[in-house]
Amino acid sequence: MASPSRIDVHQHLIPPAYRETMDRHGETAGGWPTPAWDAESAIAMMDRRSITTGILSISSPGTHFGDDAEARAVTRDVNEYSAELAKDRPDRFGFFASLPLPDVEGAIAEASYALDELHADGVVLLSNYYGRYLGHKEFEPLWAELDARAAVVFIHPTAPPMPMLEGMPSPLLDFPFDTTRTAVHMTLNGVMSRHTRMKVILSHAGGFLPYAAWRFTGGAQFNPGTTPMGILTDLQRFYFDAALSTTPSALPSLLAFAAPGHICYGSDFPFAPEGSGDLLDSLLESYEGFEPGQLDAINRGSAEALFPRLAAA
């Protein structure tokens with residue numbers, strides 16, 4: 001039976017003004033059609049799927065469309081829209097603030113405003129920005145700021161800098177790869193070892209990371225100052241949402257790799273069709289390999305630890 005009080009850390013919103021900006025720039029989420037969205041439909045979905053609170057975020061392609069000034073304005077508009085939703089219904093909505101990367105100065109300023117003034121629950125970053133992955137040295141000042149605030153950081157994939165395969169939009173094939181790539185890049189470049197106060201959630205069970213983590217420890221051969229066990233330890237600092245990943249083949253690997261309390265529930269609404277979501281919820285609830293307390297932690301407990309304001313909700 002479904003938990004009556006799930007916390008969904010991977011739920012998206014598409015504000016009307018943001019949709020207009022995407023349309024004007026001819027952008028989509030890696031070739032995936034942009035679905036309809038409104039707050040009422042989101043709440044109705046949550047009621048059907050036993051979700052008490054959804055932590056909202058902007059998905060790919062993010063808020064930067066090539067111009068820093070425009071990106072700062074679009075990002076501020078998106079964040080203030082999100083904050084109003086959370087303010088009106090704090091029991092039903094929280095939000096991860098968008099940042100106008102690769103504009104690092106603008107991103108630091110927006111993170112401060114969103115966390116201090118808008119009371120965002122954290123920030124959302126994309127897996128790469130115009131081919132620059134999150135372990136890039138240019139992003140270090142932002143990581144230092146987020147770590148100083150012990151912020152929750154949600155990393156969502158976007159299209160990698162390569163052509164899509166025909167008939168396979170990036171969200172189907174490339175997004176899991178890009179999540180894996182940026183997580184390993186962050187780890188090998190010391191982001192996870194230097195900044196241990198922040199909490200970083202990877203989308204979709206971390207892509208291929210849990211399945212292939214031991215393989216990636218071989219990076220120690222090519223990255224001075226790292227060791228195989230150090231790499232593995234830092235990879236296990238990540239948190240994971242289980243969106244689109246509660247299948248009988250994915251769950252065992254995720255459960256075997258993730259640290260206790262590091263797996264959260266995710267719906268990926270409205271980009272994931274709700275019919276698929278119902279099936280994945282059923283697979284999650286019927287999985288027979290959980291240790292005592294693991295399912296409750298995924299549905300709610302892990303997120304309560306990340307977002308203490310929701311512990312009493």
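The values are calculated or read from the model by the stated rules, or taken from the named source; none is laboratory data. Keep in mind that what you see is a predicted model, and the values were worked out from it rather than measured. Because the Cβ atoms are built from the backbone with ideal geometry, glycine has one as well, and the counts that use them run over all protein chains shown. Accessible surface is based on the protein model in full, side chains and every heavy atom, while ligands, DNA and RNA are left aside. Shrake-Rupley method; radii C 1.70, N 1.55, O 1.52, S 1.80 Å.
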If I ask for residues that are open to solvent by 60 Å² or more (accessible area, probe 1.4 Å) and farther than 22 Å from THR63 by Cα, which ones from the stretch 158-184 would you list? LEU165, GLU166, GLY167, MET168, LEU173
Could you check the stretch 74-124 and list, in sequence order, the residues that are in a helix (DSSP H, G or I), open to solvent by 10 Å² or more (accessible area, probe 1.4 Å), of a type in the set (A, V, I, L, M, F, W, C) and farther than 21 Å from ILE43 by Cα? VAL74, VAL104, ILE108, ALA109, LEU115
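Hey, can you tell me all the residues within the stretch 185-219 that are in a loop (DSSP other than H, G, I, E, B) and either surrounded by 21 or more Cβ atoms within 10 Å (Cβ to Cβ) or not hydrophobic (A, V, I, L, M, F, W, C) (or both)?
Within the stretch 185-219, ASN189, GLY190, HIS195, THR196, ARG197, MET198, SER203, GLY207 meet the criteria.
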Looking at THR227, THR247, which is the one that is over 23 Å from ILE51 (Cβ atoms) and of a type in the set (Val, Ile, Thr)? THR227
So which residues in the stretch 44-73 are more than 18 Å from PHE96 (Cβ to Cβ) and in a helix (DSSP H, G or I)? ALA44, MET45, ASP47, ARG48, ASP68, ALA69, GLU70, ALA73
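Among the residues of the stretch 254-270, which ones are assigned to a loop (DSSP other than H, G, I, E, B) and either in contact with a helix residue (DSSP H, G or I) (Cβ under 7 Å, 6 or more places away or on another chain) or loosely packed, with under 15 Cβ neighbours inside 10 Å (or both)?
Scanning the stretch 254-270 gives ALA258, ALA259, PRO260, GLY261, HIS262, SER267, PHE269.
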Considering each residue of the stretch 25-82, count those that are hydroxyl-bearing (Ser, Thr, Tyr) and within 20 Å of VAL153 (Cβ to Cβ), and give that number. 7
Among the residues of the stretch 53-63, is any closer than 30 Å to GLU166 by Cα, free of Cβ contacts under 8 Å to residues at least 60 places away in the same chain and buried (at least 22 other Cβ atoms within 10 Å of the Cβ)? yes
Of the criteria (1) part of a helix (DSSP H, G or I); (2) of a type in the set (Asp, Glu); (3) at pLDDT 95 or above; (4) surrounded by fewer than 16 Cβ atoms within 10 Å (Cβ to Cβ), which one ASP278 fails: (3)
Pick from the stretch 129-143, criterion assigned to a loop (DSSP other than H, G, I, E, B) and out of contact with any Pro (no Cβ under 7 Å at 6 or more places or on another chain), ranking: most open to solvent (accessible area, probe 1.4 Å): HIS136
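For the stretch 114-152, name all the residues that are of a type outside the set (Gly, Ala, Ser) and at positive phi.
HIS119, TYR130
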Please tell me if PHE154 is at pLDDT 95 or above and open to solvent by less than 20 Å² (accessible area, probe 1.4 Å). yes
For the stretch 291-313, enumerate the residues that are open to solvent by 40 Å² or more (accessible area, probe 1.4 Å) and assigned to a loop (DSSP other than H, G, I, E, B). GLU291, PRO292, GLY293, ALA311, ALA312, ALA313
Is it true that GLY206 is modelled with pLDDT of 95 or more and within 14 Å of the chain's Cα centre (by Cα)? yes
State which residue is farthest from ALA97 (Cα to Cα) when the search covers only the stretch 5-34 and only residues that are open to solvent by less than 30 Å² (accessible area, probe 1.4 Å) and part of a loop (DSSP other than H, G, I, E, B). GLY30
